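The values are calculated or read from the model by the stated rules, or taken from the named source; none is laboratory data. What you are looking at is a predicted structure, and each value in this text was computed from that prediction instead of being measured. Cβ coordinates were reconstructed from backbone atoms using ideal geometry, including for glycine residues, and neighbour counts include every protein chain displayed. Keep in mind that these areas ignore ligands, DNA and RNA; they rest on the heavy atoms of the full protein, side chains included. Shrake-Rupley method; radii C 1.70, N 1.55, O 1.52, S 1.80 Å.
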Amino acid sequence: MQIGMIGLGKMGANMVRRLMAGGHSCVGFDVNSASVENLKNAGAQGASTLEELIAMLQPPRIIWCMVPAGDLTEKTVAALSELLDENDIIIDGGNSFYKDAVRRAKTLADKGIHYIDVGTSGGVWGATRGYCLMVGGPKQAVQLLDPIFKTLAPGKGDIEPTPGRDNHPGTADQGYLHCGPVGSGHFVKMIHNGIEYGMMMAYAEGFDIMRNADSDNLPDDYRYDLDLTEIAEVWRRGSVVESWLLDLTATALVEDPDLSNYSGYVEDSGEGRWTVQAAIEEAVPAHVLTAALYSRFRSRQQNTFSDKMISAMRKQFGGHVEKG
């Protein structure tokens, strides 16, 4: 299939490369012309303006927006709405607020343009590992895009099916899922990231406790000088808490055992706040996820080793670099 990609940053550019490797034809656009040239050198077509991008695509046009959520996404979708035709499709693969997706879809529907929201997880590793995709939108449009989702997703790989799902229909076991109507994809991704906050906090606090197990405040008999790098490694093998996040934690500790290159200033990118907001609206208690969000706020005032752990994990999976 032919697809246009707007936003050729650390995820958008890798997604284009994965799509091209899967046999799709890609046209890329970014406000940074160097990013466009890099992809042209890799075999993609490049456009210098939105108008040029649209002119290079065959109708019905498929355009994937991979730009930062918020004002940039809003402006990009608004600009596209004035340039696209009936039956064209806009895919928002960023971390947009799900209520914004619902609003945009209604506005675009008046012009006959389809809006698909795709929560995209995979970070800087997605080019090789694939991207977990959570899709929201009308069934017919989503089905049309299936070859694109299938190419971007990890596929079944060597992960064994969950017992009882051996002959279960659907695409979840391939790493992508049509979650429901518009907004549902971003909603599911929002909760995914909220859970991510809690998991990261749990790992970070646990390692911080182990790091301080040789505190002068403890009796000699109960003091331990623990090697966190080795503990992370042994937990990766057969432990109940093993995960890709733990793999990345282990990598961070090998690279920088004391995490001296991190200040512990931890950003939040919006989804954690929206998850807590959704919990409040639904009257659902979310103690862990709320505490994890508040801990990030606190990290900007006083940094601990656990804050550095979270900064290290964020850099490992998403290439996020601390402020300053």
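Averaged per residue, what accessible surface does the chain expose to a 1.4 Å probe, in Å²?
Details: 16270 Å² over 324 residues.
Roughly 50 Å² per residue, with all protein chains present.
Under 5 Å between amide hydrogens, which residues at least 5 positions from residue 2 or on another chain qualify, with H placed 1.01 Å from N in the peptide plane?
25
Considering only 188, 264, 65, whose Cα is most displaced toward the positive end of the charge dipole of the chain, charges sitting on Cβ of Lys, Arg (+1) and Asp, Glu (-1)?
Result: 65.
Kindly provide the Kirkwood hydrodynamic radius of the stretch 62-196 in Å, to one decimal, from all pairs of distinct alpha carbon atoms.
The Cα-based Kirkwood calculation yields 15.2 Å.
When DSSP beta bridges are limited to those with both residues in the chain, what percentage is antiparallel, rounded to the nearest 5? If you can, show how the numbers build up before the last one.
Details: 5 of 28 bridges.
Beta bridges within the chain, antiparallel portion: roughly 20 percent.
List the residues, sorted by chain then number, that are 5 or more residues from residue 97 or on another chain and whose placed amide H is less than 5 Å from its amide H.
Here 70 satisfy the definition.
Tell me which of 306, 80, 95 sits at the most positive position along the dipole axis of the chain, charges placed on C-beta atoms (Lys, Arg +1; Asp, Glu -1).
So the residue we want is 80.
How compact and how long is the chain, expressed as Rg and Dmax of its alpha-carbon atoms in Å?
Cα-based Rg and Dmax for the chain come out at 21.5, 74 Å.
Identify which of 310, 231, 116 has the largest mean-square fluctuation in a Gaussian network model of the chain, with springs joining Cα atoms closer than 10 Å.
With Cα springs under 10 Å in the chain, the top fluctuation among 310, 231, 116 is at 231.
Taking the Cα centre as origin and putting +1 on Lys and Arg beta-carbons and -1 on Asp and Glu beta-carbons, what dipole magnitude results for the chain, to the nearest 20 debye?
Working: 29 positive and 42 negative charges, 191 e Å.
It comes to approximately 920 debye.
Which order, highest average first, do 95-102, 289-296 follow once you tally other Cβ atoms within 10 Å for each residue and take the mean per peptide?
Details: 95-102: 21.1, 289-296: 19.6.
Highest mean packing first, the order is 95-102, 289-296.
With the alpha-carbon atoms as the only input, what is the per residue convex hull volume for the stretch 1-152 in Å³? Intermediate results must be reported in sequence, preceding the final value.
Details: hull volume 14.5 nm³, N = 152.
Measuring per residue, one finds 95 Å³ for the Cα hull of the stretch 1-152.
Which net charge results when you count Lys and Arg as +1 and Asp and Glu as -1 among the other residues whose beta-carbon is under 14 Å from that of residue 85?
Working: positive: 61, 111; negative: 51, 82, 86, 88, 110.
Result for the local shell: -3.
Using the Karplus curve 6.51 cos²θ - 1.76 cosθ + 1.60 with θ = phi - 60°, work out ³J(HN,Hα) for each residue of the stretch 146-151 in order, rounded to whole Hz, and write x for Gly and Pro.
3, x, 5, 4, 4, 5
Distance from a point 7 Å along Cα→Cβ of residue 85 to each backbone N in the stretch 110-131: keep the residues under 16 Å and list them by number.
Correct set: 111-114.
Say the dipole of the stretch 119-267 comes from +1 at the beta carbon of Lys and Arg and -1 at that of Asp and Glu; which of 231, 151, 204 then lies farthest toward its positive end?
Checking the options against the dipole of the stretch 119-267, the answer is 151.
Between rounded, prolate and oblate, where does the stretch 96-140 land on the alpha carbon gyration tensor, with a ≥ b ≥ c its root eigenvalues, rounded for a/c under 1.5, else prolate if a/b exceeds b/c? Mind dumping the intermediate values first?
Working: a/c = 3.29, a/b = 2.31, b/c = 1.42.
It comes out prolate by the Cα gyration axes.
What is the Cα centroid distance between the stretch 1-47 and the stretch 257-324, reported in whole angstrom?
The stretch 1-47 and the stretch 257-324 have Cα centres separated by 31 Å.
Restricting attention to the stretch 166-267, which chymotrypsin sites (Phe, Trp or Tyr not before Pro) occupy a DSSP loop and are surrounded by at most 11 other Cβ atoms within 10 Å?
224
How many lysine pairs in the stretch 95-218, separated by 8 or more positions in sequence or lying on different chains, have Cα atoms less than 21 Å apart?
Within the stretch 95-218, the lysine pair count is 10.
Can you list the lysines whose alpha carbon sits under 21 Å from that of residue 40, skipping same-chain ones fewer than 8 residues off?
By straight Cα distance, residue 40 reaches 10.
With springs connecting C-alpha atoms under 10 Å apart, model the chain as a Gaussian network and identify which of 230, 196, 267 has the largest mean-square fluctuation.
230
Roughly what would the spin-label model give for residue 280 and residue 192, points 7 Å off Cα along C-beta, in nm?
Label-label distance for residue 280 and residue 192, simple model: 2.5 nm.
Two-decimal Rg/Rh of the stretch 159-271 from alpha-carbon positions, Kirkwood Rh?
On the way: Rg = 19.0 Å, Rh = 17.5 Å.
Rg/Rh: 1.09.
Can you list the DSSP H helices in the chain whose Cα atoms extend at least 30 Å along the helix axis and whose mean Kyte-Doolittle hydropathy is 0.0 or higher? All intermediate terms of the calculation are to be shown ahead of the outcome.
Values: long enough: 184-211 (40 Å, 0.09).
The answer, listed by residue number, is 184-211.
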